[in-house]
Each structure stands twice: as structure tokens, then as C-alpha cells.
1. Among residues belonging to the range 85-96 that are more than 9 Å from the ligand (Cβ to nearest atom) and touching a helix residue (DSSP H, G or I) at 6+ places or on another chain (Cβ under 8 Å), point out the one that is nearest to residue 183 (Cα to Cα).
2. Look at the range 109-140 and say how many of its residues are at pLDDT below 95 and outside any strand (DSSP E or B).
3. Is there a residue being without any contact (Cβ under 8 Å) to a residue 40 or more places away in the chain and under 25 Å from residue 200 (Cβ atoms) anywhere in the range 103-120?
4. Quick one: in the range 97-121, of everything that is in contact with a strand residue (DSSP E or B) (Cβ under 6 Å, 6 or more places away or on another chain) and within 16 Å of the ligand (Cβ to nearest atom), which residue is farthest from residue 70 (Cα to Cα)?
5. So, residue 176, is that one in contact with a helix residue (DSSP H, G or I) (Cβ under 6 Å, 6 or more places away or on another chain), touching a residue at least 40 places away in the same chain (Cβ under 8 Å) and within 16 Å of the ligand (Cβ to nearest atom) or not?
6. List, please: which pairs have Cβ atoms under 8 Å, are six or more places apart or on different chains, and start with a residue in the range 56-70 that is farther than 12 Å from residue 87 by Cα and end with one that is assigned to a loop (DSSP other than H, G, I, E, B) and within 9 Å of the ligand (Cβ to nearest atom)?
Ligand code: AMP
């Protein structure tokens, strides 16, 4: 059983580690950002509401997020656990999640927290490109695709996320510091927090994550 949360600023490498964790532990990867982006693509009511906030690098209001996540983790495929990526992002969301889990006789196993300096975050996010079709992530300098603009994995086109421009990136980092960073203290007090240096090589971070999970 693994009920885990990935915590860290935008660009900390949560998505990269999520793919590795899901591969090893076979739990559903639930990314609220991905859910919103899918809703925007499909032009749903939720997508229309979320887009105005996302484009500015602001958080989508708690009331649009919490039920979405509790509904998702109530589904059968989450019976043996889940990996939350990008949720919770406020103390309110964390409290709602704890309440929901408690009502269902469950609790979080571990909160994996990634630390990365601000300059590195800006460099990573503004250079990030993602595959429009499969979501694989690249970086124009650090992780270039074999052929420029084309996904190595599926051949789809690489695009820049609408919120990965410099101005929005800076907003997102400020929003993280103000609204999400307080969760570090919240989970440390709860005894679920495990810290990682997000500037280490990906494989080393993953090794440390596995160790932390196995120790729980
Ligand atoms: P991400 O893909 O996790 O970087 O999320 C992209 C954007 O989606 C964020 O900048 C927010 O606008 C919105 N978002 C994703 N998850 C949440 C959340 N838990 N609470 C509020 N807004 C969110």
C-alpha cells in the first residue's frame, strides 16, 4: 500500500520522479495539473474556469480542486494506493485530504518533498518542452530530444506549456512560496515528510525515494 504525495515547487522534477515511482509501485499517478490541462483541451466547464487562473500562474480555487481529487481517489484503481502530484497545494487542501482519508480509515504513507533553488527552477521551466501527444518532458539544453521538436518516445510534436513563459513561471514560484511551502511544516509535524535534494541526478533521487518508501 502506497499513498504518497509529491511536494515541491514547479520545476522540481515531480513529474519525472512520478513516472519512475508509478513504474515500480504500480499505483495510479494523479496529477491535478494534467487533469486541468485535459479539461482545457476538451473545453469542459471546469477547463474554462481553471484556464483563467492557470494562464496567470495562480492557483485554481480550492473548491474546484478538492472534490475532483477525492472523487478520483475513491475510484477502484486507488484501492491499493495512489501518487498525488500537484495536490495538495494549500493547507486547506491538505486538511481536506486528511479528513477524507481519515473518514475512510486511511492515511498518507509518505510526502516526498523536493528542494530546488529558484534560479535552477526558472532555467528548467523556461527551457522545458513537453510532448503534445504523450506528455513526455524534455529540456532544450539539459534533455534535448534526438530530433528537434519531435518526441523520442512517440514521435509527437514538442510544445511549450502555456504557463512556462518567464513571467508566469516567476508568478508560479511566488505562489508556491506563499501558499504551498507551508505544507512542508504541516507534514513534517505529522511525521510523513521525507526531504530530497532535487538538484541531484534523477537516478540518485529515485534511489533515495525508494529507500524512504521502504522505510515507512
Ligand atoms: P502543475 O502541472 O502541477 O504545475 O499545475 C499547473 C497549474 O494548474 C497550476 O499553476 C495551477 O494553476 C493549477 N493547479 C494544479 N494543481 C492545483 C491545485 N492542487 N490547486 C490549485 N491549482 C492547481
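1. Checking each candidate, the answer is 91.
2. Of the residues in that region, 5 qualify.
3. Within the range 103-120, one or more residues are without any contact (Cβ under 8 Å) to a residue 40 or more places away in the chain and under 25 Å from residue 200 (Cβ atoms).
4. 114
5. no
6. Final answer for the pair search is 57/163.
The values are calculated or read from the model by the stated rules, or taken from the named source; none is laboratory data. Here the structure is a predicted model, which means the values were calculated and not measured. Here Cβ is always computed from backbone atoms with ideal geometry, including for glycine, and neighbour counts include all displayed protein chains.
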